[in-house]
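To keep things clear, I will list the structure first and then write my remarks on it.
The values are calculated or read from the model by the stated rules, or taken from the named source; none is laboratory data. All figures in this text were calculated on a predicted structure; none of them were measured in a lab. Glycine gets a Cβ as well: all are built from the backbone with ideal geometry, and neighbour counts include every protein chain shown. Ligands, DNA and RNA are stripped out before the accessible areas are found, and what is left, the full protein with its side chains, is counted by its heavy atoms. Shrake-Rupley method; radii C 1.70, N 1.55, O 1.52, S 1.80 Å.
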Amino acid sequence: MNEVMKSRLFAATIAILALAHCAPAQAEIHYDIRAGIGIGGIAPLPFPEEIREIYSYSPGFQPSIQAGMSDMLSTKWGVRTALRLETKGMSTSARVKNYSMSITGDDGSSLYGFWTGDVDTDARNFLLTVPVSAVYQITDRLSLDFGPYLSLLLGGDFSGEVSDGYLREGSPIGDKVVFENGATSSYDFSDSYSRCQFGLSLGADYRINDEWFVSAALDWGLTDVFKSSFKTITFDMYPICVRLSVGYSF
């Protein structure tokens, strides 16, 4: 995320919190809990030319649980904040060409170069997320919310293996190390995850009755999931996820 985007995200958060601070005494405060699952992954944007074909993709099991508070400032507008424990991730298999890669040899040593061949990846983020959203009540049953979120990484995994291809050591024209006849090598970039993630969320709640509701939300990450010092993967990777939840308000 560049400095301009960070400034805008910070300004949006302050503006939403300021609305909550200025709420009239008669504002309605509601509490809710919700549990759900996520569908999404960690995607490069724009899509890099190094990835030539995606064989398979699976979001896996991405549960979330959230406790939140909504402060309705009027009959139409309000502010919502929450604490959410969640998992974001994916499993993919792809064919790549000249893909920057650091693999681990049988003796535990690392070998850096440019990989052409198959890549299998398992990625998981375990996060504590704080969303702050403006809420617009469309009808008695339907509401929309939009705003920024901050996620803190509690743990994560980004690892996999390469196979059926070759590695050019050091550069795209370096010495060739061939992997064939079922030979594989592993990689693990889990320690290179960034501790914080910023993004925007757009969601909708539909009330079934006075207590129960269902919701759907799109979380769009604006920051690379890896540290800025991590250079092995040469393009930014962003978390993008749709969450489907069931909630109870009181």
How large a share of the accessible area of the chain, in percent, is made up of carbon and sulfur atoms when the probe is 1.4 Å and the other protein chains stay in place? 60 percent
Set of lysines with alpha-carbon distance to Lys97 below 25 Å, sequence-local pairs under 8 removed: Lys176, Lys227, Lys231
Over region 141-241, with a single point scatterer placed on each C-alpha, what log10 of the ratio I(q)/I(0) does the Debye formula yield at q = 0.12, 0.22, 0.24 1/Å? -0.63, -1.14, -1.22
For the chain, what is the calculated [θ] at 222 nm in deg cm²/dmol (nearest 500), taking -39500 (n - 2.57) for each run of four or more DSSP H residues and dividing by its residue count? -2500 deg cm²/dmol
Solvent-accessible heavy-atom area per residue, rounded to whole Å², over the chain at 1.4 Å: 52 Å²
Cα extents of region 198-237 along the three principal axes, largest first (Å): 51, 13, 12
A chain fully extended from Ile54 to Ala204 at 0.36 nm per residue, minus the present Cα-Cα distance, gains in nm 50.9 nm
In whole µm²/s, the translational diffusion coefficient that Stokes-Einstein assigns to the chain, given a Kirkwood hydrodynamic radius over C-alpha pairs, 25 °C and 0.890 mPa s, equals 123 µm²/s
Where the centre of each part is set by its Cα atoms, how far does region 22-91 sit from region 167-227, in angstrom? 15 Å
So how much accessible area does Lys97 have, in Å² to the nearest 10, using a 1.4 Å probe? 90 Å²
Assigning unit charges at the beta carbon (Lys, Arg +1; Asp, Glu -1) and nothing else, what dipole magnitude in debye, to the nearest 20, does region 95-186 show about its Cα centre? 400 debye
Quote the charge dipole size of region 21-146 about the Cα centre in Debye, to the nearest 20; the model charges only the Cβ of Lys and Arg (+1) and of Asp and Glu (-1). 380 debye
